[in-house]
């Protein structure tokens, strides 16, 4: 059994030695480690580290290990940290509307073992993708949203997330703007956006791109915040397009990029590779 520690603190000499020494003193083997120092961080350089340790033969309970880490490492170094254990399967909720590509892709990657998680439920404001969820034996809930029912339906969504013990919410082309109340109460939320933010916002982005004669189209996966499409970016990618491609072909190419970018972002979160620093992410 393995545990993954994420740690950040003001940069100073000897941090790698301090962290690795903590586990060495307890006879715990480090099986993977990566770190980064951001020299341009506001307020001074910041240090970030991800450590995966082997707890097959635990020297202490998880509670004792976490307490010792906080007292010996985090507190004296003014650090922030978290830990996850690989025998605890993350539970994911997927929110969709009518576009099926990302839902199919995430569900298939889960079936093939590429995403280590349980898809706890699929929530939608339309019934259009119920058959897709059923084909993967995923619980599906329809919560139609109007201007008058938005607050009530979001509350029902929060209740469903709690009932299904959801750890992560994925917006797989969910075409509703989530309120600050929902985002504050919900687990972390990852969104996929059709392009490099903030280009081509609004309706028919690929038609806008075609009108502008773009040569690259892309996608951005980011954490959702109360500021629309302004959350910390996790993953991005692009594909080249040609002048002879029509809007429908741009949609096809863009859909492929969106699937890959969203899957990479979800996988990075599930593998505990992301540290959020202000409006940025460090992906180790």
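When residues of segment 51-74 are filtered for being part of a loop (DSSP other than H, G, I, E, B) and within 28 Å of the chain's Cα centre (by Cα), how many remain?
Within segment 51-74, the subset part of a loop (DSSP other than H, G, I, E, B) is 55-61.
Then drop every residue that is not within 28 Å of the chain's Cα centre (by Cα), which leaves 55-56.
Within segment 51-74, residues that are part of a loop (DSSP other than H, G, I, E, B) and within 28 Å of the chain's Cα centre (by Cα) number 2.
If you scan segment 261-284, which residues turn out to be touching a strand residue (DSSP E or B) at 6+ places or on another chain (Cβ under 8 Å) and on the phi > 0 side of the Ramachandran plot? Before the answer, list the steps.
Going residue by residue through segment 261-284, those that are touching a strand residue (DSSP E or B) at 6+ places or on another chain (Cβ under 8 Å) are 261-262, 264-266, 268-277, 280-284.
Once the filter is applied, which keeps residues that are touching a strand residue (DSSP E or B) at 6+ places or on another chain (Cβ under 8 Å) and on the phi > 0 side of the Ramachandran plot, segment 261-284 yields only 272.
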Quick count over segment 46-68, residues being in contact with a strand residue (DSSP E or B) (Cβ under 6 Å, 6 or more places away or on another chain) and either modelled with pLDDT under 95 or farther than 14 Å from residue 85 by Cα (or both), is 5
Which pairs have Cβ atoms under 8 Å, sit 6 or more apart or on different chains, and link a residue in segment 241-256 that is in contact (Cβ under 8 Å) with a residue 60 or more places away in the chain to one that is in a helix (DSSP H, G or I) and surrounded by fewer than 15 Cβ atoms within 10 Å (Cβ to Cβ)? none
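May I ask you to verify whether residue 248 is in the same structural domain as residue 103 (by TED's automatic domain parsing), modelled with pLDDT under 90 and loosely packed, with under 15 Cβ neighbours inside 10 Å?
Against the criterion (in the same structural domain as residue 103 (by TED's automatic domain parsing), modelled with pLDDT under 90 and loosely packed, with under 15 Cβ neighbours inside 10 Å), residue 248 does not qualify.
Just checking, which of 203, 133, 239, 128 is surrounded by fewer than 20 Cβ atoms within 10 Å (Cβ to Cβ), over 18 Å from residue 268 (Cβ atoms), at pLDDT 95 or above and in the same structural domain as residue 261 (by TED's automatic domain parsing)? First the steps, then the outcome.
Values: 203 fails: at pLDDT 95 or above; 133 fails: surrounded by fewer than 20 Cβ atoms within 10 Å (Cβ to Cβ); 239 fails: at pLDDT 95 or above.
That would be 128, the only listed residue that is surrounded by fewer than 20 Cβ atoms within 10 Å (Cβ to Cβ), over 18 Å from residue 268 (Cβ atoms), at pLDDT 95 or above and in the same structural domain as residue 261 (by TED's automatic domain parsing).
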Filter segment 162-185 down to residues that are closer than 25 Å to residue 268 by Cβ, part of a helix (DSSP H, G or I) and touching a helix residue (DSSP H, G or I) at 6+ places or on another chain (Cβ under 8 Å), then give me how many there are. 2
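Before we move on, is residue 120 in contact with a strand residue (DSSP E or B) (Cβ under 6 Å, 6 or more places away or on another chain) and in a loop (DSSP other than H, G, I, E, B)?
Working: in contact with a strand residue (DSSP E or B) (Cβ under 6 Å, 6 or more places away or on another chain): yes; in a loop (DSSP other than H, G, I, E, B): no.
So residue 120 fails the test.
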All but one of (1) more than 21 Å from residue 273 (Cα to Cα); (2) in a loop (DSSP other than H, G, I, E, B) hold for residue 41; which doesn't? (1)
Report the residue count in segment 239-265 for those that are within 24 Å of residue 115 (Cβ to Cβ) and in contact with a helix residue (DSSP H, G or I) (Cβ under 7 Å, 6 or more places away or on another chain). 7
Here is a list: 111, 134, 154, 159. Which entry is in contact with a helix residue (DSSP H, G or I) (Cβ under 7 Å, 6 or more places away or on another chain) and over 30 Å from residue 33 (Cβ atoms)? 154
Provide a single number: the residues in segment 62-88 that are free of Cβ contacts under 8 Å to residues at least 40 places away in the same chain and surrounded by fewer than 12 Cβ atoms within 10 Å (Cβ to Cβ). 5
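Please work out which residue is farthest from the chain's Cα centre (by Cα), limiting yourself to segment 235-284 and to residues that are assigned to a strand (DSSP E or B) and closer than 23 Å to residue 209 by Cα.
The extreme case among them is 240.
The values are calculated or read from the model by the stated rules, or taken from the named source; none is laboratory data. What you see is a predicted model; the values in this text were computed from it and never measured. Here the Cβ is made from the backbone with ideal geometry for all residues, glycine too, and neighbour counts use every protein chain on show.
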